[in-house]
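Trainee: Here you go, one structure.
The values are calculated or read from the model by the stated rules, or taken from the named source; none is laboratory data. Remember, it's a predicted structure, so these values are computed and weren't measured experimentally. Here the Cβ is made from the backbone with ideal geometry for all residues, glycine too, and neighbour counts use every protein chain on show.
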Amino acid sequence: MDKTILIVEDQDDLRLLVRLSLKSLGRVLLASSAAQGLAMVRAEKPDLVTLDVWLGNGDSGLDVCRAIKADPATSHVKVLLLSACGQQSDVEAGLDAGADHYMIKPFSPQGLGEAAAALLAAA
Amino acid sequence: MPQEEAHRLQVLLDLNILDTAHEERFDRITRMAARLFDVPVALVSLIDADRQWFKSRVGVTMDTTDRANSFCTHTILQAGVMVVEDACRDERFAASPFVTEAGVRFYAGHPLAAPDGSRIGTVCILDRSPRALDDAQRTLLRDLAGMVSNEIAASELRRRHQQRQENDAWVHGLLSHIPDGVLMLDSSGTVLCANPAAEQMFGTRAGAGALAGRAAASLLGEDAALLFAPSHRADAPPQEGGGRRIDGTVFPLEVQVAPMDMDGQQRYAVIVRDVTRQHDLTLRGRATEERRRKHFTTATHELRTPMASILGFSELLLKRDFDPATSRELLDIIHRQASRLVDLINQLLDLARIEAGGIEGLAIAPVDVAELVRQTLSGLNGLQQGHRIRVELDDGLPMVAADASKLQQALTNIVSNSIKYSSEGSLIDIGASSLRHDGRPMVAIRVADRGIGMTADQQARIFDAFYRAGESQDVQGSGLGMTIFKEIIELHGGHADIVSQPGAGTTVTVWLPAEASHG
């Protein structure tokens, strides 16, 4: 069965970059805000969500991640955090929020593809 | 010198009587002695290390003679009256110049006792012919010596009293004027007395003694009890705690306690210091530190974001085959994000330079505002997209003392914002006028656009580093322009007002102090 991946990213360029990095892995959906992303997770139940941490308007991807993991209907969805916050404490905060993987920007598209494939294989 | 003699000399020195003026209270005693004994010479003689000095004298004109071979030197070696009936027949003195040259034949003297009993000198009588002294006369001489000793003791007492008063005045003056609060507590921790600084610190009226009788724990907090424990060392560093004024308000305080013994009673000397100011400074320092940390985190985030596009898209282009149109699109993104990165780095360096340089970093010279506006607009030529810019400058504008290039940078930042956040072809007004503001002559430079405007919330955050109103991706910018603008204006002693309405436009007014010579 084809896998579904949701990309939540407020920056147009980066949304495109992530889409190009992952499109060979399955069906790719796009969201550009926290609210839109969370609504699509609930509606589409994707296998994997790549989630930006600073989503603009002060919204945090960590909150979206916690909401996904707290809801039994979506807690099985794999979450890959993609963030330009690269300190050890940022990574720990991401994993504490329930993320399955934390990747720091800038990232290698190939590396992102491999990490996403590993998460999908485990899903 | 025998130890006893050394002590005797020290006592004499400490009395501060040697080489003082003649005094009637001593002179009346020597006059009385001369008359009572019917002798030509009567002396109050003080025996210094190598001389005898006469505090009072009848019948001689010199104030001092050699101590060697003197009669009095012998008198002070024994307790009672010493009588030399005929010096020519006394082998101790027969060859003395007092006898052979001055013609002294008779001497009778009695030691003078200092308050501690040391024999510091004599009362003596001398005659040119041999004589004898009966018991009644010996008693009389002893009584006269007693009177002189009393006078010496009296002056010593007066001197000590005066010294104590001076000491007290000194201590009182010191305690009244030092900014630290000083309290004395009894052994139960009750305040016995306090200096004015302490009274003021705890909110009682200085000099009213309002702290006396209060429990120290009610002022210094219960923690202060530890300071009175026997294990507390007097040389321990000051301890921080919470002070409580008598109106119940609290303040941060530093307290130091030293146990002391006062006439056998256990007392505590307590020094208290109001450290509100130091605390405020520490808090402000922490806030600055927190702001720096946040700024660093945000700056890192902002730098990594364009880098993600540059690195990611270039990797895709290197590893995959795209059609020419897509390749071009991706290269365009790389180029745009690389430009953004360069812009960001330049702005960050600029901000750091301005912050680090402070006022010293400015090249201040008289700046003509009209010229400043002209330069700013010519520098912006490439950015204008059909915007109409209307400039209205008052005549006779005063010069401003400023760094022309920095000020141009600040002005460029707000004019370019007006261009970026208003539609093509819309009008931007730039005006300058000379006004009094807060009672000072100022120059006001106004930039008004008819652009998208800002909400109150956006206005409140406009000077935050990396904040971009609406975070609109379609408008280029680092989010540092307004931060740099504010930094520059404030370094020049000026400030900025922003009036904005969403949909109606934004007006930024920059206030700069006019140069005094023109104001």
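Trainee: Answer yes or no: is there a residue in the stretch B:291-309 that is surrounded by 14 or more Cβ atoms within 10 Å (Cβ to Cβ), away from chain A (no Cβ under 11 Å) and under 30 Å from B:V510 (Cβ atoms).
Mentor: Scanning the stretch B:291-309 turns up at least one residue that is surrounded by 14 or more Cβ atoms within 10 Å (Cβ to Cβ), away from chain A (no Cβ under 11 Å) and under 30 Å from B:V510 (Cβ atoms).
Trainee: Name the residue, out of B:V99, B:V123, that is without any contact (Cβ under 8 Å) to a residue 24 or more places away in the chain, surrounded by 14 or more Cβ atoms within 10 Å (Cβ to Cβ) and of a type in the set (V, I, T).
Mentor: Selected residue: B:V99, the only one of B:V99, B:V123 that is without any contact (Cβ under 8 Å) to a residue 24 or more places away in the chain, surrounded by 14 or more Cβ atoms within 10 Å (Cβ to Cβ) and of a type in the set (V, I, T).
Trainee: Here is a follow-up. Return yes when B:S314 is surrounded by 15 or more Cβ atoms within 10 Å (Cβ to Cβ), touching an Asp or Glu at 6+ places or on another chain (Cβ under 8 Å), part of a helix (DSSP H, G or I) and of a type outside the set (V, I, T) and no when it is not.
Mentor: When the stated conditions are applied, B:S314 does not pass them.
Trainee: Working only within the stretch A:87-101, note down all residues that are of a type outside the set (D, E), within 14 Å of chain B (Cβ to nearest Cβ) and out of contact with any Phe, Trp or Tyr (no Cβ under 6 Å at 6 or more places or on another chain).
Mentor: Hits for the stretch A:87-101 are A:Q87, A:Q88, A:S89, A:A93.
Trainee: Those residues that are within 14 Å of another protein chain (Cβ to nearest Cβ) and either of a type in the set (D, E) or farther than 17 Å from A:K105 by Cβ (or both), I need them from the stretch A:37-86; list them, please.
Mentor: A:D52, A:N57, A:G58, A:D59
Trainee: Contact list please: Cβ distance under 6 Å, first residue in the stretch A:65-80 and touching a residue at least 40 places away in the same chain (Cβ under 8 Å), second residue in a loop (DSSP other than H, G, I, E, B) and among the charged types (D, E, K, R), pairs at least six apart or on different chains.
Mentor: Qualifying pairs under 6 Å: A:K78/A:D100.
Trainee: Take the residues in the stretch A:1-16 that are out of contact with any helix residue (DSSP H, G or I) (no Cβ under 6 Å at 6 or more places or on another chain), closer than 12 Å to A:L82 by Cβ and more than 7 Å from chain B (Cβ to nearest Cβ); name whichever of them is surrounded by the most Cβ atoms within 10 Å (Cβ to Cβ).
Mentor: This residue is A:D10.
Trainee: Any residue in the stretch B:290-308 that is more than 16 Å from A:D90 (Cα to Cα) sitting within a Cβ distance under 8 Å of a residue that is among the charged types (D, E, K, R) and crowded, with 18+ Cβ neighbours inside 10 Å? List the pairs, counting only those 6 or more apart or interchain.
Mentor: Close Cβ pairs satisfying both conditions: B:P306/B:R340; B:M307/A:K105; B:A308/A:K105.
Trainee: Please pick out the residue among B:D457, B:D497, B:D464, B:D438 that is modelled with pLDDT of 90 or more and not aliphatic (A, V, I, L, M). Spell out how you get there, then give the answer.
Mentor: Working: B:D457 fails: modelled with pLDDT of 90 or more; B:D464 fails: modelled with pLDDT of 90 or more; B:D438 fails: modelled with pLDDT of 90 or more.
One residue alone meets the criteria, B:D497.
Trainee: Strands (runs of 3 or more DSSP E) wholly in the stretch B:2-90 with at least 1 residues that are buried (at least 21 other Cβ atoms within 10 Å of the Cβ) - which ones? Full working, then the answer.
Mentor: Numbers: elements: B:41-47, B:51-58, B:64-66, B:82-84.
Correct list: B:41-47, B:51-58, B:82-84.
Trainee: Checking the conditions here, which among B:D261, B:D321 is among the charged types (D, E, K, R), under 27 Å from B:A229 (Cα atoms) and outside any helix (DSSP H, G or I)? Step through it out loud before you land on a result.
Mentor: Numbers: B:D321 fails: under 27 Å from B:A229 (Cα atoms).
Selected residue: B:D261, the only one of B:D261, B:D321 that is among the charged types (D, E, K, R), under 27 Å from B:A229 (Cα atoms) and outside any helix (DSSP H, G or I).
Trainee: Just a yes or no: is a residue in the stretch A:17-34 out of contact with any strand residue (DSSP E or B) (no Cβ under 7 Å at 6 or more places or on another chain), away from chain B (no Cβ under 14 Å) and surrounded by fewer than 24 Cβ atoms within 10 Å (Cβ to Cβ)?
Mentor: Among the residues of the stretch A:17-34, not one is out of contact with any strand residue (DSSP E or B) (no Cβ under 7 Å at 6 or more places or on another chain), away from chain B (no Cβ under 14 Å) and surrounded by fewer than 24 Cβ atoms within 10 Å (Cβ to Cβ), which makes the answer no.
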